[in-house]
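What follows is a short report on a single structure.
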Amino acid sequence: PELAVRTRHVALVPDGARAVPGLLRRMRDVLEATSDATTKVVAAAVGRRRPRCLTLEGDIKAWTVRDGHADHRSDQQSDQRGDQRDDQQDDQRDVRHGDLCGALDGAPAVLLLRTRDLFSLPFPLTRPVVTSLSLQAAARGWRLLLLPAAFPLAPRPPPSPHAQWRSQSSLDAQRRALLERFGVKLEVLPDGSRRWHGCAKETPRCFGTVRWQTPEYLLAGRWTPPCCLRALRATARHVLAQLEAAGVRHWLEGGSLLGAVRLGDIIPWDYDVDVGLYRDDVPKCRWLAAVAATGRPVEDPQGFLWEKAAEGEFFRVHFSRANRLHVDLWPFYVRPGAVPVMTKDTWLGHRQDVEFPESFLVPLGTVAFAGVAAKAPNDPRGFLELKFGPGAIESPEYPNPAVRRL
C-alpha cells in the first residue's frame with residue numbers, strides 16, 4: 001500500500017463512519033498547526049460513544065504494556081458550530097480543547113497522520129488498527145490528539161446476540177494475535193488489573209532449551225517473560241511450603257539467594273529457582289521419597305510435577321507437565337573433617353557450584369523471596385561472596401556474559 005499512497009496525509013476510517021463536511025480537513029490542519037513534535041496522530045470519535053483516552057507505557061525488555069487514565073485537557077463537549085468561525089480559530093480551539101492520549105480504547109475513531117509517519121512503522125496496517133497504532137506510537141514516544149468533534153455512525157439494525165458474539169470473538173482474536181506479534185505477555189490495565197497473554201499451567205513455557213546458561217530471550221535483549229516469572233514464583237512458593245511442612249532442612253541457593261538478597265524476588269532475567277537441602281532429609285518429603293523409590297515422575301494434587309533430573313543426582317519440580325518452568329532441588333551432605341563441609345554428588349560447572357562450610361546452615365536464617373519468608377544461610381552475604389566472589393550482590397551480571405556479547 002505504501003507504494004500506492006501519493007498524498008501527504010492518510011486517514012484510517014472504520015466501517016460505518018459517515019462524512020462530516022470539512023472535518024477531515026480540520027483534522028489535517030490541526031495536525032499541521034500543532035507545535036508539539038510528539039503529536040503525530042489526530043483522532044476523532046465515530047458515533048456517540050467517545051473513546052477512552054489512556055496513557056500507554058511499553059516496557060519491551062519486560063514484555064509488558066501499562067495503561068493509565070490520561071488527564072483530560074477539555075470538558076469534551078462536542079462542538080458543531082465550527083462552520084461559524086474562521087479556520088485558524090477552529091484549529092486553535094481543537095488543539096486547545098483536544099485530549100492528548102497515549103492510546104485510545106473502547107470505541108471506534110478516525111485516525112489521521114502523515115503518510116511518511118504511518119509507513120515508517122513496522123506494522124502500519126495491522127488490525128485492530130487503533131490498538132496496533134497506539135502500541136507502535138507509544139514505542140516511539142508519539143501521542144494522539146483526540147478532538148472534541150465526532151463523525152456520525154451510519155444507522156444499522158441492532159445486531160443479534162450471535163452476531164455480537166462473533167464480532168467480539170473476532171476482535172479478541174485479532175488483539176491476541178497482535179500482542180503476540182509485538183511480544184507483549186502482560187497488559188496492566190488502568191484499574192490495576194492484569195491481562196495475561198503468555199504461558200500458563202496448560203501451555204509450554206515461553207522459551208526453548210537453555211544453552212550455555214543463556215536463555216534465548218537474553219539474546220533478544222529481553223528479560224524473563226512476566227508469565228514465566230509468575231509461574232516460577234508459584235512453583236517456588238509451593239515447593240518451599242512442601243519442604244517446610246515435611247521438616248526438610250532447606251535453603252535458597254545460588255542465583256535465587258542472590259535475587260532474594262538484592263530484590264526479595266527472582267532475578268528479572270533468571271529462568272529457574274535453586275534450593276539446597278540435606279540429602280538425609282529427602283525421605284521426609286513424600287513426593288521426593290516417591291521419586292527416589294520409583295525413579296518415575298510424580299504429579300501432586302496441585303499439578304506440580306516432581307522428578308529426578310536427567311543431568312545428575314538432584315531433583316526438579318516443574319510448574320506442570322506441559323509447562324517446564326522449574327525449581328531445582330540440590331541434595332547436599334556433610335563431608336566430615338576438622339571443619340564440616342557441605343558437598344554433593346553432581347557438579348555442573350556453574351560458578352556457584354562449590355563446597356561450603358556447614359556453619360552457614362547452623363542455624364538457618366530467613367530472607368524475603370517471591371512473597372514468602374524463605375529459609376537461607378545465616379550469613380547470606382558471606383555465602384554469596386564465597387560462591388560468586390566479592391561484590392556479587394552489588395554487581396548484577398548475566399549468567400554467561402561471554403555468550404551474550406558474542
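Under a 1.4 Å probe, what is the accessible area of the chain per residue, stated in Å²?
Per-residue accessible area for the chain comes out at 51 Å².
Residue farthest toward the positive end of the dipole of the chain, with Cβ of Lys/Arg at +1 and Asp/Glu at -1: which of 112, 398, 386?
So the residue we want is 112.
What's the carbon and sulfur percent of the stretch 216-388's accessible surface, probe 1.4 angstrom, rounded to a whole number?
54 percent
Please sort 385-398, 102-115 by packing, taking for each peptide the average over its residues of neighbouring beta carbons within 10 angstrom, highest first.
Per-residue Cβ counts within 10 Å, averaged per peptide and sorted highest first, yield 102-115, 385-398.
Tell me, what is the FRET efficiency for residue 5 and residue 160 to the nearest 0.05, using R0 = 41 angstrom and their Cβ-Cβ distance as r?
Rounded to the nearest 0.05, the efficiency is 0.65.
Explain nothing, just the number: dipole magnitude of the chain about its Cα centre with +1 on each Lys and Arg Cβ and -1 on each Asp and Glu Cβ, in debye rounded to the nearest 20.
1160 debye
Please report, as a whole percent, how much of the solvent-accessible surface of the stretch 1-66 comes from carbon and sulfur atoms (probe radius 1.4 Å).
It is 51 percent, rounded to a whole number.
Hey, if you drop one equal point scatterer on each alpha-carbon of the chain and run the Debye formula without solvent, what base-10 log of I(q)/I(0) do you get at q = 0.07, 0.10 Å⁻¹?
-0.49, -0.78
I'd like the distance separating the alpha-carbon centroids of the stretch 361-386 and the stretch 296-356, in whole Å.
Each part reduced to its Cα centre gives a spacing of 18 Å.
Count the lysine pairs in the chain whose Cα atoms sit under 26 Å apart, keeping only pairs 8 or more residues apart in sequence or on different chains.
14
For a distance above 16 Å, tell me the whole-number percent of Cα pairs in the stretch 115-225 that qualify.
Across the stretch 115-225, Cα pairs with separations above 16 Å total 75 percent.
Enumerate the helices in the chain for which the Kyte-Doolittle hydropathy averages -0.5 or more and the C-alpha atoms extend at least 20 Å along the helix's axis, using complete DSSP H runs.
Helices meeting the criterion: 226-246.
With unit charges on the beta carbon (Lys/Arg positive, Asp/Glu negative), name the residue among 232, 210, 27 whose Cα is farthest towards the positive pole of the charge dipole of the chain.
27
With N residues in the stretch 285-406, what two-decimal value do you get for its Cα radius of gyration over 2.2 N^0.38 Å?
For the stretch 285-406, the normalised Cα radius of gyration comes out at 1.22.
The values are calculated or read from the model by the stated rules, or taken from the named source; none is laboratory data. Quick caveat: nothing in here was measured; it's all calculated off a predicted structure. Cβ coordinates were reconstructed from backbone atoms using ideal geometry, including for glycine residues, and neighbour counts include every protein chain displayed. For accessibility, only protein heavy atoms count, side chains too; no ligands or nucleic acids. Shrake-Rupley method; radii C 1.70, N 1.55, O 1.52, S 1.80 Å.
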